[in-house]
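Encoded as structure tokens, the structure appears first; notes follow it.
What follows is calculated from the coordinates using simple rules that are stated; it is not laboratory data. From a predicted model like this one, the values you see are computed outputs, not experimental measurements. Methodologically, a virtual Cβ is constructed for each residue, glycine included, from the backbone with ideal geometry; neighbour enumeration extends over all protein chains shown.
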Amino acid sequence: MAAAKKASKTIVFSHWFRLIENLQSSSMDFYARVEKALERRQVPKLIAARVDWREGGFLSAKREYLRLTRERLTFDVCGAPFGTGFFVSWRFGEKPLKFRPLLLLIVAALLAASAYWMSDWVVVIGFWLIRNVAHLRSYDRNQALLVGLSALIMPALLVAWPLRRLVGRGLTDLDSLIMQIPLLGPFYERFFRELTYYRVDLMLMYQEAVHAAVTEIIDEISKSQGIQPLSEFERRPILRELFPN
């Protein structure tokens, strides 16, 4: 297992926790079991990693969590001995959108320069066609028009071809690929990615799948040690609104 990385901040939507008395386990064993439980459920596009959260300020000790990520959705799962028992919790949230002003300025400057260069290029080709095509013979005129139109259309084709290839892989893949682009991704999600019923349902399904995997492993360890499994009340997550006003 690779070393844990520093955890990035998230906006927490829901939280669940439980202290199980007399339960004995290690954090690493618990995390490995949860990952296997999710693999058995074949939860799609969920990436598992270990992250460190500080217990207090920047001089305090670090505690390792299991982070499960899908796009900007995150689950931070904690499992650790506490006194004579074992403490388990998970927090479901999302990483906030990040707009980097410096990168935005650089891209804006490049787009402005490209637009200026392209506009000059188009004007030059247009004037050349107007001035010269009328004086050419029929064969040469058609050839000149073909060259001029190709020069005007080629930039669009260079952009359209890779987009067509991406679309060919499926709109879902294209949507995910765009969201991974550092500057375009946050802009696309903020202004063009509508919050649909399906996206909300998908978030709830991921939350339910992770919660079921965590409680399943707690029951397995409890049963192996002769401890009473979680009651129905103890299994209930503490839910918050996904998108509070």
*Using a simple charge model, +1 on the beta-carbon of Lys and Arg, -1 on the beta-carbon of Asp and Glu, nothing else, what dipole does the range 1-93 show about its Cα centre, in debye to the nearest 20?*
360 debye
*Grab the Cα-Cα distance for Asn22 and Leu230, subtract it from 0.36 nm times how many residues apart they are, and report the gain in nm with one decimal.*
73.6 nm
*Using θ = phi - 60° and the Karplus curve 6.51 cos²θ - 1.76 cosθ + 1.60, what whole-Hz ³J(HN,Hα) does each residue of the range 23-32 get, with Gly and Pro shown as x?*
7, 10, 6, 10, 4, 5, 5, 5, 4, 4
*Counting other C-beta atoms within 10 Å, which of Ile11, Ile227 has the fewest, and how do the rest follow?*
Ile11, Ile227
*asked:* What's the ranking of 213-220, 72-79, 39-46 by average number of surrounding C-beta atoms within 10 Å, highest first?
replied: 72-79, 213-220, 39-46
*How high is the FRET efficiency between Arg63 and Glu220 when r is their beta carbon distance and R₀ equals 25 Å, given to the nearest 0.05?*
0.60
